[in-house]
1. Looking only at the stretch B:49-64, decide whether some residue is among the polar types (S, T, N, Q) and within 14 Å of chain A (Cβ to nearest Cβ).
2. Among the residues of the stretch A:28-43, what is the count of those that are free of Cβ contacts under 8 Å to residues at least 12 places away in the same chain and surrounded by fewer than 14 Cβ atoms within 10 Å (Cβ to Cβ)?
3. Applying the selection to the stretch B:4-45, what residues are modelled with pLDDT of 95 or more and among the basic types (K, R)?
4. I'd like to know if the stretch B:63-80 contains one or more residues that are on the phi < 0 side of the Ramachandran plot, free of Cβ contacts under 8 Å to residues at least 24 places away in the same chain and not in a loop (DSSP other than H, G, I, E, B).
5. Restricting to the stretch B:12-62, count the residues that are acidic (D, E), closer than 23 Å to B:K78 by Cβ and either touching a His at 6+ places or on another chain (Cβ under 9 Å) or in a helix (DSSP H, G or I) (or both).
6. When you scan the stretch A:87-130, how many residues do you find that are over 19 Å from A:I66 (Cβ atoms) and assigned to a loop (DSSP other than H, G, I, E, B)?
Number of protein chains: 2
Amino acid sequence: MEGKTVFKMTPQRAAILEYLDGNTSHPSAEDIYSAIQKKYPMMSFATVYNTLEALKAKGMLWELNIDDQRKRYDPNTKLHHHLICEKCRAVVDIFKDFDLTVPADIAQGFMITGKHVEFYGLCPDCAKNG
Amino acid sequence: MEGKTVFKMTPQRAAILEYLDGNTSHPSAEDIYSAIQKKYPMMSFATVYNTLEALKAKGMLWELNIDDQRKRYDPNTKLHHHLICEKCRAVVDIFKDFDLTVPADIAQGFMITGKHVEFYGLCPDCAKNG
DNA sequence: ACTCTTGTTAGAAACATTCTCATATTGGAA
DNA sequence: TTCCAATATGAGAATGTTTCTAACAAGAGT
């Protein structure tokens, strides 16, 4: 019987959790890896991906497909949305609850379980310089 | 002076355009490549990507980051949103205009130029079988 | 101490996407 | 028509991200 497997705490995982805690930068795996490598040079990329996968499975992390080039991770799993700078790829959180009801005749029989709004634009820095 | 470069029509491009015209399946580059390869076995992957890039630059195509694994392309560039099946990755269009105004105090100085809503769920087939 | 489960690591592999560059085609101009 | 410069193509190499492999390590419980 499948059962939920134990999540063992290790120094590597503690470091990843510490890095993610309260982090609103929506880091990529690479970002996480390089930040933590300073402290733990032995840390492997596989461990980063394994841990992110485990956290995602426990619902403690969102995997965002917001960036053209790589996955981004968000430790805040309370319903919210995102604003993305098309120039520097900065991502910021939008905490606002939009009314997004999809009428049945438009939902085409889908069972809707989640929603996410992406806003595109330019962040203050890029708007100034570009 | 940069100027917009000419878009030369070639048999390969005609085939890609024909395949995309009215296509609501949100195909990946691979999908496009294999569909067209039946007719044009000499067609190269580079050509598919080059053409998609050119069409995107002309605003005739959207590149969608809604799939974990690969980019998906949408020839319909009229404002709309998407509903994604989390099981089979099917993507369907939602033509409904949501009111998505972001108050200035929440926009954090961003200049917002676009928006896109993703709904997640299960398509009728997957809801039935899963 | 022994065992079972789970986590770690380095490196290889898989995969999507982009790049290179020699060659071929296109569409307008002569 | 023929010619030409710009642009497009194709095969394969290169890149970057993510996943996989397999051997080893660490923990908890017996």
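1. Our first condition is that a residue be among the polar types (S, T, N, Q); within the stretch B:49-64, this holds for B:50-51.
Among the residues that remain, those that are also within 14 Å of chain A (Cβ to nearest Cβ) are: none.
Scanning the stretch B:49-64 turns up no residue that is among the polar types (S, T, N, Q) and within 14 Å of chain A (Cβ to nearest Cβ).
2. Initially, the stretch A:28-43 is screened for residues free of Cβ contacts under 8 Å to residues at least 12 places away in the same chain, giving A:31, A:34, A:37-38, A:41-42.
Of the ones still in play, those that are also surrounded by fewer than 14 Cβ atoms within 10 Å (Cβ to Cβ) are A:34, A:38, A:41-42.
Going through the stretch A:28-43 one residue at a time, the tally reaches 4.
3. Listed by number, the residues that qualify are B:K8, B:R13.
4. yes
5. Residues of the stretch B:12-62 that are acidic (D, E), as a first pass: B:18, B:21, B:30-31, B:53.
Now drop any that are not closer than 23 Å to B:K78 by Cβ, which leaves B:18, B:21, B:31, B:53.
Keeping just the survivors that are either touching a His at 6+ places or on another chain (Cβ under 9 Å) or in a helix (DSSP H, G or I) (or both) gives B:18, B:31, B:53.
Counting residues in the stretch B:12-62 that are acidic (D, E), closer than 23 Å to B:K78 by Cβ and either touching a His at 6+ places or on another chain (Cβ under 9 Å) or in a helix (DSSP H, G or I) (or both) gives 3.
6. 9
Here is a yes/no grid of residues against (1) among the polar types (S, T, N, Q); (2) at the interface with another protein chain (Cβ under 7 Å from one of its Cβ atoms); (3) under 13 Å from B:G114 (Cα atoms):
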residue: A:H81; (1), (2), (3): no, no, no
residue: A:E86; (1), (2), (3): no, no, yes
residue: A:A90; (1), (2), (3): no, no, no
residue: A:Q108; (1), (2), (3): yes, yes, no
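The values are calculated or read from the model by the stated rules, or taken from the named source; none is laboratory data. Predicted model only: the values in this text are computed from it and were never measured. Glycine gets a Cβ as well: all are built from the backbone with ideal geometry, and neighbour counts include every protein chain shown.
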